[in-house]
Amino acid sequence: MLRQHIPYRARLLKDGLRPFGAFNQQDNQAAEAGIVSGRILLSFLGLGCDGATVKLTVADRKHRCRQNLTDDVKAPDVGGRFVELSELTPDECETLAKFIHGANKACAHFTMGSEHELTVPIFQLAVPIILRILRDCLPVAQLP
């Protein structure tokens with residue numbers, strides 16, 4: 001996870017910034033892969049978004065499925081830690097909430113008329129925040 005999967009998702013997130021807003025299918029696919037990767041990394045770090053209020057939340061950190069086990073890998077599972085809301089500024093919380101909400105509405109689910117706020121500026125603000133907290137919570141990962 002730390003040598004392959006997490007760095008791969010972090011690269012997708014970072015690379016997604018370059019073509020964001022482009023008008024050809026390949027560039028839009030790269031942006032979408034970056035957005036989904038950012039959403040995955042935030043969940044991995046223990047963050048989510050309340051869809052009704054568009055507020056950043058602590059995600060369900062005790063998710064369980066079959067036989068009280070989960071197949072969702074989270075930061076503590078690989079020797080890291082969850083990020084706490086208190087580590088983020090109010091502006092960062094707002095940006096990440098808009099990012100997650102927009103990723104859910106624009107990429108992870110089929111929605112119509114959701115009026116999400118995942119704009120180019122929100123994406124541009126979110127990427128360095130996500131990469132910073134990823135580095136803070138996984139100091140041994142090899143990140144771009």
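The values are calculated or read from the model by the stated rules, or taken from the named source; none is laboratory data. Being a predicted model, the structure only gives us computed values, none of them experimental. In this analysis, Cβ positions are derived from the backbone assuming ideal geometry, glycine residues included, and neighbour counts consider all displayed protein chains.
Table for the structure above
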| item | result |
| --- | --- |
| Some residue of region 47-56 being at pLDDT 85 or above, in a helix (DSSP H, G or I) and either of a type in the set (D, E, K, R) or touching a Gly at 6+ places or on another chain (Cβ under 8 Å) (or both) | no |
| Subset of region 122-144 (residues that are modelled with pLDDT under 90 and crowded, with 19+ Cβ neighbours inside 10 Å) | ALA141 |
| Subset of region 76-121 that is under 16 Å from ALA33 (Cα atoms) and of a type in the set (A, V, I, L, M) - its residue that is modelled with the highest pLDDT | ILE100 |
